[in-house]
Structures are given as C-alpha cells and as structure tokens.
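First up is the structure itself, then whatever we jot down about it.
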Ligand code: PEP
Ligand code: MG
C-alpha cells in the first residue's frame, strides 16, 4: 500500500492511466543545413505562438485567468530578440533546430539565474517550459490527449497541473494520484471542488504504478493499493458503493433552499479561490459564495494582477453567481500565504505579524488597485460584497472605509462605471474581534466567522503544527463560547452573520450554530449538500436543547463525544 496526503475524500477504484511527459531526445536529429534548420525553427515558433494564443484565450474564457496570463508570458519570452539571436547563432554553428532551441533557451535561462532578484530567477523555469514545447513541435511529439482518458480511470501523474485538472473529463476519472503536490496546492483545491477522490505527494509513484494496473484509492485516508488482492478489492468496492450512495442521496438537496426542520431559512454558500471554482461550486448547489479567497490571484506568479485583470475575474465570478451573493475577501497576504514578489519582511512570528488588513492599510497601493477592481466589477450588480480579513478593532474598518470613499470619488471623477454601494463586512477571526464584536457590528455590514484562525488564536495553537493539533479543535468550549458571543452581537445589531471557516462543514456543530442563530454556512463546494442536509435535520428547539447541554461541558473531549453521539444516534 502507498501512503500519501489525503487531499480529497472519497473512494475510487479503476485502471491506472499513467500520464508522463514524452521523452524529448534530439541527439539523433541530423541538421539539414542552415537554411532548412532556420526555416524549421521559424515554423516551430509560428506554431507555438498560434497554439498559445488559442490556449490562453480558452483558459481565460473558462475563468483561469492566471494560467492564461502565464501562457501569454511565454509568448512574450519566445519573441525576445536575445533568444532569437542565440538560436540563430547555434544554427550557423551547424546545429539542428532542436539543438539550437535548447541552446538558446538555456542561454536565456542562465541570464535569468544570474540576476539578484528571486522573481526574475524564477523565470528560468519558464524558459525550460518554452524549450520543451518547442522541442515537442520540432520532434512531432504529441502530448497525451487528456480528453481520451477512458471511463473508469485512476489518473496517475508526477505533478497535476491546473491544465491537466481542467482538461480531464470528470465523469471518467475515479481518482487522482500524484507524486508531488500538497493539501493547499491549486490542484488539490480543484480535485476537492470537482469531488474527485485524490491522494497526492507519494514519492516514487511513477516507478511503482504501471498503466492499466488496478488501483484502489481512499482519498480520506490518503491510501492507494496497487493491484489489490480480491478481499481488499471487495472491501474498497463495498465502501465505494456506500460513498456513492450517500453522495447520490444528497442530490435531493441540490435544488432546494436551505431550511431547518421548522422551515426557517438559512444559507449554505461555498468557499472558492478562483473563478473556475465558482462554476464548480454552483454545480454543487451552493446558494452563493461566502468567501472568495482572492490572495490566490496574487500567488504563483511574478507580479500582481492588474486592476483590469482583477476586475474581469471578480465580474466573471459575480456573473456566474447570478443573483446569489459573492463575498470577496480582500487580500489576506502574509502568515501562511506568502507572495515572494512583494518582498515582505521576514518575521519571527508571521502569524502575529504584518499581514492581511495591516499590510493593506500600511502600504495601500496594491489594496487600492484591488478595491477599485471590486467597485468596477460590481457596476450594475447587486450581489457583490467586500470582506476585510484579520480585523482586531474598529479603526481598521474605518481605515478601509476611508480609503474606499476616496477611491469612489476618484472613480466618479474619472466617469468610470462602478457600484458605490458595495456592503463592507468583516471576518471575525481574532480574539480581539470577539471581545469587541458589539463595537465592530456597529460599523460592519455583516460578519463572517473565520474559525480556522479564530481557533488558532483563541487556543494559541498553530493551525499547521501537528504537534499541537490535539489542542486545535473547533469543539473547544472557548471557541464555541466565542462563536456564540459573536452571533449574539450580530443579532443585537441586526446584521447578518455567517461562518466561513472549516468548522462550518462539521455536521456535529450544526445544532449549536443553529441554536446560536447563525444565518449562513460557507463550506468547501464538496460539503454544500451534506451541510444543507444536516441543517434540515434540526428544529431550533431541538438544537437549543442540545446546545444547552453541550455549552455546559468544559472540555473539548466531552463536547465532541456528546455532539458526535447525538448526531450518530439520529443517523
Ligand atoms: C479562517 O481563518 O477561518 C478563514 C476562513 O480564512 P483562511 O482559512 O483563509 O485563513
Ligand atoms: Mg483566516
């Protein structure tokens, strides 16, 4: 059995479809003379540019703006004069077009590597990607066609790129297994959003698995069995059947509004990190987006997205959501979300440091670009809201409001189309915000409780440190009392209150949150239906009874055992 990271839950059994990049050996290519090789190079460049243009366009149309930009960046690099000169020089020295392409790209990559700027050094990798595509064209090597992955496949590859993830036919893929990739990688997020079981980060995977072998994958346990013996296979197939049945049973909740047992309306929304995920979330039956993590638009690239690019992304997400709400969280950069090109200072305690709204208020240039993009994207639309992360006091809300008002005046004097009435709400994810919830509620249009951070700061337990994960629990009475208090403060002020941390996806906590009066649960797209079902199972009076007992307990263990027991008893 192979062990990896459990990135997307579910059971998948199927035949391995092993996707490896074809070899690009050109050592046996005989140069056909200067003129012929230069013509081959010119032909390859033309075909590269043609394909790239079409690919960038289709990626952008599908909402994958960042990937589209990367392809356009490669087109610019390919047209660089220095690269052209280096390739021509190599051909004139008697090399084949392939060898010249490799030599030219290597020369440019070397130049990039010598620059004392991390961002430019990273471009060396782009030159190798360009080299490989040129070699493929020259050698006539076809990439495997992803749409040809047959039904019943387990997709096995080294590193699942976003291209692959978006190119796969979802219905044909039982599971995804990769050599690299982590829990929060873009591909992992996509696999989860697509509802495909996935295990990532299995070193040496491609040396072990052969195409066509049967694989049994448990995405929740992070386990992959190669060539399972009969009894193991039967066990996986049995569990797969149950998993599918429970997924199918949830489908009745897809086109329903969220209501508790008394018919009281609530909302189940989705957390997304890209425009592409908005589409997937809607397919999963969400009633809006309760958290759009925009910092992902700033990561894995070399410069920040422009105002127009951001406005296009937010507009597209807003249109996909139609009348449903779209809560755009302003950049939550810092802490675990580092953006190298911003050159933020190294800090001994980044989680307690210069991050999120602190950075946005101290160096507002980038923040202003984002806010302008949001106001413009919201022109003529009523579903967009702005949410500030990591608030610790009212002055931060006022600071943001001051900047926003100035920007609206600028936009008006420029005659730009924009929406001046985008509601401004906050995330409640620090103990200070809990203590000051009444003062904050007087200044915010809505609250969304970020239990991921609130749990970490309340319990002083790093959310990423496995040594203290015995402490890190959303069931801790201190965390639950905080949530209760925040919801009460929002109710008293008459503003809506949601939750967008992972705790919102725990069925065991549903009765408590219902009893407190939470209005909105925002969860991973794959958990939307299960959450709607869990809410439908409780009347407010039943939930209050359970909450009264749970809130009288004083340890995480007792609370968890009691609530999980109650949920299990009800089936
Ligand atoms: C949270 O802290 O609960 C949250 C939703 O934000 P993030 O996980 O992006 O920090
Ligand atoms: Mg947070």
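Some values worked out for this structure:
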{"item": "Filtered residue count, region 225-241, keeping only those that are loosely packed, with under 11 Cβ neighbours inside 10 Å and either at pLDDT below 95 or not in a helix (DSSP H, G or I) (or both)", "result": "1"}
{"item": "Where residue 23 falls short, out of the listed (1) at pLDDT below 85; (2) under 25 Å from the mean Cα position of the chain (by Cα)", "result": "(2)"}
{"item": "Residue ID - nearest to residue 304 (Cα to Cα), chosen from residues in region 374-391 that are within 16 Å of ligand 2 (Cβ to nearest atom) and assigned to a loop (DSSP other than H, G, I, E, B)", "result": "389"}
{"item": "Where residue 180 falls short, out of the listed (1) modelled with pLDDT of 80 or more; (2) buried (at least 22 other Cβ atoms within 10 Å of the Cβ)", "result": "(2)"}
{"item": "Filtered residues of region 58-101 (kept if in contact with a helix residue (DSSP H, G or I) (Cβ under 6 Å, 6 or more places away or on another chain), crowded, with 20+ Cβ neighbours inside 10 Å and farther than 24 Å from residue 139 by Cβ)", "result": "59, 60, 63, 64, 65, 67, 68"}
{"item": "Residues of region 141-175 that turn out to be modelled with pLDDT of 85 or more and surrounded by fewer than 20 Cβ atoms within 10 Å (Cβ to Cβ), as a count", "result": "7"}
{"item": "One residue from 361, 366, 342, 371 being under 20 Å from residue 326 (Cα atoms), more than 15 Å from ligand 2 (Cβ to nearest atom) and either in contact (Cβ under 8 Å) with a residue 12 or more places away in the chain or in contact with a helix residue (DSSP H, G or I) (Cβ under 6 Å, 6 or more places away or on another chain) (or both)", "result": "371"}
{"item": "Meets criteria (part of a helix (DSSP H, G or I) and buried (at least 18 other Cβ atoms within 10 Å of the Cβ)) for residue 518", "result": "no"}
{"item": "Those residues of region 443-468 which are in a loop (DSSP other than H, G, I, E, B) and within 22 Å of residue 371 (Cβ to Cβ), in sequence order", "result": "443, 444, 445, 446, 450"}
{"item": "Where residue 296 falls short, out of the listed (1) at pLDDT 95 or above; (2) within 16 Å of ligand 1 (Cβ to nearest atom)", "result": "(1)"}
{"item": "Cβ-Cβ under 8 Å pairs, at least 6 apart or on other chains, region 447-470 side farther than 23 Å from residue 330 by Cβ and not assigned by TED's automatic domain parsing to the domain that holds residue 385, far side in a loop (DSSP other than H, G, I, E, B) and away from ligand 2 (no atom under 13 Å from the Cβ)", "result": "none"}
{"item": "Contacts under 6 angstrom Cβ, first residue in region 483-507 being free of Cβ contacts under 8 Å to residues at least 60 places away in the same chain and under 18 Å from residue 543 (Cβ atoms), partner more than 16 Å from ligand 1 (Cβ to nearest atom) and not in a helix (DSSP H, G or I), 6 or more apart", "result": "487/517; 491/517; 497/519"}
{"item": "Pick from region 290-311, criterion outside any loop (DSSP other than H, G, I, E, B) and away from ligand 2 (no atom under 16 Å from the Cβ), ranking: surrounded by the fewest Cβ atoms within 10 Å (Cβ to Cβ)", "result": "308"}
{"item": "Subset of region 519-556 [within 21 Å of residue 485 (Cβ to Cβ) and in contact with a strand residue (DSSP E or B) (Cβ under 6 Å, 6 or more places away or on another chain)]", "result": "519, 520, 521, 522"}
{"item": "Unique residue being out of contact with any helix residue (DSSP H, G or I) (no Cβ under 6 Å at 6 or more places or on another chain) and either within 17 Å of residue 264 (Cβ to Cβ) or assigned by TED's automatic domain parsing to the domain that holds residue 393 (or both) when the list is 517, 508, 498", "result": "498"}
{"item": "Any hit, region 408-426, residues being over 28 Å from the mean Cα position of the chain (by Cα) and surrounded by 17 or more Cβ atoms within 10 Å (Cβ to Cβ)", "result": "yes"}
{"item": "Single residue of 554, 541 found to be more than 11 Å from residue 512 (Cβ to Cβ) and outside any helix (DSSP H, G or I)", "result": "554"}
{"item": "Within region 392-421, tally of residues that are under 23 Å from residue 362 (Cβ atoms), away from ligand 2 (no atom under 16 Å from the Cβ) and not in a helix (DSSP H, G or I)", "result": "1"}
{"item": "Checking residue 350 against (1) buried (at least 17 other Cβ atoms within 10 Å of the Cβ); (2) within 15 Å of ligand 1 (Cβ to nearest atom), the condition it does not meet", "result": "(1)"}
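For (1) more than 14 Å from the chain's Cα centre (by Cα); (2) within 16 Å of ligand 1 (Cβ to nearest atom), each residue gets a yes or a no:
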position: 264; (1), (2): yes, no
position: 276; (1), (2): no, no
position: 288; (1), (2): yes, yes
position: 304; (1), (2): yes, no
position: 318; (1), (2): yes, no
position: 324; (1), (2): yes, no
position: 332; (1), (2): no, yes
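The values are calculated or read from the model by the stated rules, or taken from the named source; none is laboratory data. What you see is a predicted model, and the numbers here were worked out from it, not measured in a lab. When we count neighbours, we look across all protein chains shown, and the Cβ atoms used for this are built from the backbone with ideal geometry, even at glycine.
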